[in-house]
Amino acid sequence: MKPRATKPRSSKTAAVAAASKTANSANAGDDAYASRLLAWFDVSGRHDLPWQHPRTPYRVWLSEIMLQQTQVKTAAPFFERFVETLPTLPSLAAASLDTVLGLWSGLGYYARARNLHATAKLCVERHGGDLPRDIDALTALPGIGRSTAAAILAQAWDDRHAILDGNVKRVLSRYHGIAGYPGLPAIERRLWALAESHLPHARMTDYTQAQMDLGATLCTRSDPSCILCPLQHDCVARIEGRVAELPTPKPGKVAPQRHAQVLWLLDRNNRVLLQRRPPAGIWASLWTLPQSDDEDGAAQWFAAHVNGEFGDGEELAPIAHAFSHYKLELQPRRWRPVALRDSVRDNDDLRWFERAELAALGIPAPIRKLIESL
DNA sequence: AAGTCGGGGAG
DNA sequence: CTCCCAGACTT
């Protein structure tokens with residue numbers, strides 16, 4: 001039995017909140033972001049989520065943990081089943097880990113269930129069977145980070161703390177036109193500061209829910225409904241036409257860098273020697289310049305096919321080309337004029353081509369650009 | 001700063 | 001198929 005909270009609201013905050021309410025406008029004094037968001041929430045927010053009725057600290061906490069990296073639609077049925085079996089924090093603490101994991105089965109990220117159970121037991125030991133109403137005490141518990149702790153306090157107690165989950169990151173990135181992957185510490189610091197800067201002085205429960213509702217229903221990752229958005233007129237991304245490119249997506253793994261030698265042979269008539277690629281693999285069956293993985297391979301190919309000195313070749317500027325899974329740097333070398341050995345004949349896979357014939361051939365873009373540059 | 005955990009939804 | 005989602009934690 002826990003008498004009550006350990007963390008009283010500051011007198012200044014309380015005074016502002018009271019003033020706001022008496023002003024007959026819960027948003028008085030707050031910035032446009034918060035005011036418009038709250039007005040929108042009253043009409044279009046989600047007011048019937050399972051953990052909102054009743055909205056107890058235990059149910060709020062459980063929902064926040066379930067919703068980590070999990071969408072509302074997925075989590076909702078698990079939440080209903082969980083609270084039906086374990087309706088209170090002490091009942092969770094008294095349950096076996098097997099029972100908890102059983103209720104979690106199918107949700108994924110099972111460390112969340114282990115941490116949930118551990119936190120329940122810690123709360124019984126340290127906090128009289130309740131969650132602490134203190135941001136630092138909450139953050140110290142397993143599975144509760146800064147954003148989750150803030151969400152619990154705002155949702156359960158109406159306390160004034162900023163959250164920064166995926167929804168808020170997306171909304172703020174767009175609203176302020178913040179480029180850079182939000183997972184990067186430098187970007188995340190800026191977003192936290194912006195989240196703090198917009199906090200209203202009243203209605204924190206609704207405000208917190210409103211941000212998540214906006215992110216989940218309007219300001220979605222792809223194809224957001226800007227036309228319905230209460231923030232559209234101040235949204236930098238909207239104004240500058242950058243909605244589709246913000247927030248900056250997670251950078252892919254660095255593509256491996258590969259190298260290749262390219263042999264550019266021209267005969268007396270300025271014809272170019274092209275070779276057909278194998279029917280499988282990169283540039284399958286396209287015509288391209290003879291190519292080798294390294295300089296030794298290129299020299300060997302040259303010696304076997306061409307009358308002349310490999311060393312006479314003119315080393316040209318490297319060409320960078322990006323594929324989806326690796327980056328290729330092509331090192332071209334040019335010889336002109338040059339002739340093939342008598343033993344080498346034109347055939348289906350290796351031919352001299354007139355310049356005028358090139359347009360009709362399937363040639364990789366970087367190679368075409370190179371040989372047509374002459 | 002990057003990797004790990006996971007099932008599900010969207011494109 | 002890939003990418004992302006009401007993140008936190010470990011390396």
At 1.567 mPa s and 4 °C, plugging the Kirkwood radius over alpha-carbon pairs of chain A into Stokes-Einstein gives what diffusion coefficient in µm²/s?
50
Please work out how much accessible surface A:PHE78 shows to a 1.4 Å probe, ignoring ligands, DNA and RNA, in Å² rounded to 10.
40
Within-9-Å neighbourhood charge of A:ARG355 [Cβ basis; K, R +1; D, E -1]:
-2
Please give the charge dipole size of segment A:238-278, origin at the Cα centre, charges +1 on K and R Cβ atoms and -1 on D and E Cβ atoms. Round to the nearest 20 debye.
180
Heads up, I need the accessible area for A:LYS327: 1.4 angstrom probe, whole protein in place, Å², nearest 10.
90
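Taking every DSSP beta bridge that has both residues in chain A, what percent is antiparallel when rounded to the nearest 5?
Values: 18 of 27 bridges.
Of all bridge pairs located within chain A, approximately 65 percent are antiparallel.
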Net charge of Cβ neighbours under 12 Å - reference A:ARG190; Lys, Arg +1; Asp, Glu -1:
0
Where only C-alpha atoms are counted, convex hull volume of segment A:257-371 per residue in Å³:
104
For segment A:60-216, what class follows from the C-alpha gyration tensor (a ≥ b ≥ c being the square roots of its eigenvalues): rounded when a/c is under 1.5, otherwise prolate if a/b is larger than b/c, else oblate?
prolate
Over the heavy atoms of A:THR248, what accessible area does a 1.4 Å probe trace out, to the nearest 10 Å²?
40
Between the helical axis of A:185-197 and the dominant principal axis of chain A, each derived from Cα atoms, what acute angle in degrees is found, rounded to the nearest 10?
40
Which order do peptides A:65-71, A:161-167 fall in by mean Cβ count within 10 Å, highest first?
A:161-167, A:65-71
Please give the helix A:295-305 orientation as an angle from the longest Cα principal axis of chain A, in degrees from 0 to 90, rounded to the nearest 10.
30
To the nearest 10 degrees, the tilt of helix A:146-157 (Cα long axis) against the first principal axis of the alpha carbons of chain A is 30
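The values are calculated or read from the model by the stated rules, or taken from the named source; none is laboratory data. These numbers come from a predicted model, not from an experiment. As a convention, Cβ positions derive from the backbone with ideal geometry for all residues, glycine included, and neighbour counts pool all protein chains shown. Surface areas here come from the heavy atoms of the whole protein model, side chains and all, with no ligands, DNA or RNA. Shrake-Rupley method; radii C 1.70, N 1.55, O 1.52, S 1.80 Å.
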